[in-house]
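Visitor: First the structure, then my questions, so here it is.
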Amino acid sequence: MSKLDLTPFGFTPTESAAYRQLIEDGPSSGYAVAKRLAIARANAYQALDGLVAKNAADVVTGEPRTYRAIQPQALLAMVSRDLAAGLDTLEGQLGSLAETGAPGTVAFSGDAEFNAVLMRSAIRPPAMVEFLAPSSVFASTVPVWRTRYANGRPTELWCIGQVPEDFPVPAAITIDPASVRRLGGEPLVLITPNAALLGRLSGAGPEGHWTSDPVLMLGARGIMAAVQPPRA
């Protein structure tokens, strides 16, 4: 089994190795884990008890203690839940601070990074949010727009190509792909009151930057204006 690193999510290196070993071998005692990992028995029990404390494993027999890991998908769901809760807390704490400091720019690459940044940027703002992207990206971001629509938050959506069937926001507007070819790619633009996403759809997926830089935000508005048809 390939190496597993759970340390970015609050686990120790030994806990990571012990969890992997439990998944590989099934329910095991501290002695068996220590032997497999070539570590002291006390260290193995410390790691296994740490997994139990973090709800990543449980004890299935008492003497000798035998430990069983939760399923990998269950661990992933638990970590995702805890990360989301932590981000919500951090967002509230940061939102209470004054808007001072230098503008920031953060790169994203690939579906996972793009969707994470988009969700954090687009769902909560109560003021107008504008989004321009190819049809395939619209299809993968439905939860974001469904939430905004359900909450009655003003949103303008511009889809390059055909709007996906059964799209939950009826106001989504189709943009002729020919109108964006002169830009040399398929743009991704999100504009919120205080930030923007500025990127493109490449062969490897979405790539670009989240930014609060006023100059880059102006560029994002310029791209949005350039591809939209004249308004009546």
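No value in this document is a laboratory result; all are computed from the given coordinates. Since the model is a prediction, treat every value here as computed from it, not as a measurement. Every residue, glycine as well, gets a Cβ built from its backbone with ideal geometry; the counts of neighbours run over all protein chains shown.
Visitor: Once you list every other residue whose beta carbon is under 15 Å from the beta carbon of P177, what net charge do they have if Lys and Arg are +1 and Asp and Glu are -1?
Guide: +1
Visitor: Between V60 and A139, what FRET efficiency comes out of the Förster formula 1/(1 + (r/R0)^6) with R0 = 35 Å and r the beta carbon distance, rounded to 0.05?
Guide: Efficiency for this residue pair is about 0.20.
Visitor: Using DSSP to define loop residues, name the trypsin sites (Lys or Arg not before Pro) in the stretch 139-232 whose beta-carbon has at most 11 other beta-carbon atoms within 10 Å.
Guide: Counting only loop positions with at most 11 other Cβ atoms within 10 Å, the trypsin sites (Lys or Arg not before Pro) in the stretch 139-232 are R231.
Visitor: Cα convex hull of the stretch 103-145: how many Å³ per residue?
Guide: So the per-residue Cα hull volume is 95 Å³.
Visitor: Residues in the stretch 15-33 near a label at T7, defined as backbone nitrogen under 16 Å from the 7 Å Cα→Cβ point?
Guide: Counting backbone N atoms under 16 Å from the label point, the list is 15-20.
Visitor: By how many nm would the segment from Q162 to A204 grow when fully extended, if each residue of separation counts as 0.36 nm and the alpha-carbon distance is taken off?
Guide: Length difference between fully extended and current span is 13.0 nm.
Visitor: Further question: For the stretch 120-173, what's the relative contact order in percent, using C-alpha pairs closer than 8 Å and at least 6 residues apart?
Guide: Relative contact order here is 42 percent.
Visitor: State the Cα centre-to-centre distance between the stretch 32-107 and the stretch 147-162 in whole Å.
Guide: The distance from the Cα centre of the stretch 32-107 to that of the stretch 147-162 comes to 36 Å.
Visitor: Taking 0.36 nm per intervening residue step and subtracting the Cα-Cα distance, what contour gain separates D88 from S179 on full extension?
Guide: Taking 0.36 nm per residue and subtracting the Cα distance, the gain is 28.9 nm.
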